[in-house]
Every structure is written in C-alpha cells, then in structure tokens.
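First comes the structure, then the notes that go with it.
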Amino acid sequence: MSPADNPGTTTKPRTRTRQKSDTKVARPPLWKVILLNDDYTPREFVVQVLKAVFRLNESQAYRVMMTAHQKGACVIAVYTRDVAETKAKEATDLGKMNGYPLYFTTEREE
C-alpha cells in the first residue's frame, strides 16, 4: 500500500543522526605571552605590571621577572590569540606610559 492509496497518512523522510565523531570542533590555537628583558625598567615596576595585567601573585611575578632578567625572555602565560595580544599590548603600554622600554610580545604555541 502506497501513501497515494491512503490520503490520511504522511511520509517523513529518513534523517541521519549525527554521531559524536561527526561534530568535532577544533580548539583554537594558543599563543604565548613573552616578557623580554631590558636593562632600564626597574624590577619593582615589572613585578607591578605582572601582578596587575596577568594577575600573578607577588612570588610568581618576581620569579617571572627574574627568569626574564637572567635568560633574556620568559613565557608568562598561554591564551587564545586575542587575549594574548590584548594583555601583551596592555602591559607594554603601561611601560610606555611610565617612560620605560618594557616590552611584551606574543608567539604561537607549538
């Protein structure tokens, strides 16, 4: 018996249900925020910026600052690209506003 023989019935097309493997969403790539050492910005100021912008506590900020001082650079944190670039710019701008060459940059996480 076909649907044409019985006008009171309707047919529904078959739908395919998605499986979990069909809907994988890729995570956005992550970016590192890097503090570059300079010989002019006072250590205390660098610690203040790290605490204010990156929400590090006193000992974390001091450790990051000393690592950058000794090695030339230090990765502070890893974020999505927009967040990393915003924080790096905010921290660099704080240095500029206070007359220091403090510089933060971003780099894609591998």
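The values are calculated or read from the model by the stated rules, or taken from the named source; none is laboratory data. All figures in this text were calculated on a predicted structure; none of them were measured in a lab. So basically every Cβ, Gly included, is an ideal-geometry build from the backbone, and we count neighbours across all protein chains shown.
Annotations
- Top-ranked residue in the range 80-93 [being crowded, with 16+ Cβ neighbours inside 10 Å and not hydroxyl-bearing (S, T, Y); ranked as nearest to K32 (Cα to Cα)]: A84
- Scanning the range 54-68 for residues that are buried (at least 16 other Cβ atoms within 10 Å of the Cβ) and either farther than 15 Å from Y103 by Cβ or of a type in the set (F, W, Y) (or both) turns up F54, L56, A61, Y62, T67.
- Qualifying position, being among the charged types (D, E, K, R) and surrounded by 14 or more Cβ atoms within 10 Å (Cβ to Cβ), among K51, K71, K96: K51
- Residue check for T105: under 15 Å from P42 (Cα atoms) and of a type outside the set (K, R): no
- Considering residues of the range 19-37 that are at pLDDT below 95 and either among the small types (G, A, S) or over 18 Å from the mean Cα position of the chain (by Cα) (or both) only, the residue farthest from Y79 (Cα to Cα): Q19
- Selection count where residues are in contact with a strand residue (DSSP E or B) (Cβ under 6 Å, 6 or more places away or on another chain) and of a type in the set (S, T, Y), scope the range 80-98: 1
- For the range 54-70, the set of residues classified as farther than 15 Å from E107 by Cβ and not polar (S, T, N, Q) consists of F54, R55, L56, E58, A61, Y62, R63, V64, M65, M66, H69, listed by residue number.
- Inspection of the range 62-75 identifies no residue that is over 18 Å from A88 (Cα atoms), among the basic types (K, R) and at pLDDT below 95.
- Boolean, A77 is outside any helix (DSSP H, G or I), surrounded by 15 or more Cβ atoms within 10 Å (Cβ to Cβ) and either out of contact with any His (no Cβ under 8 Å at 6 or more places or on another chain) or among the β-branched types (V, I, T) (or both): yes
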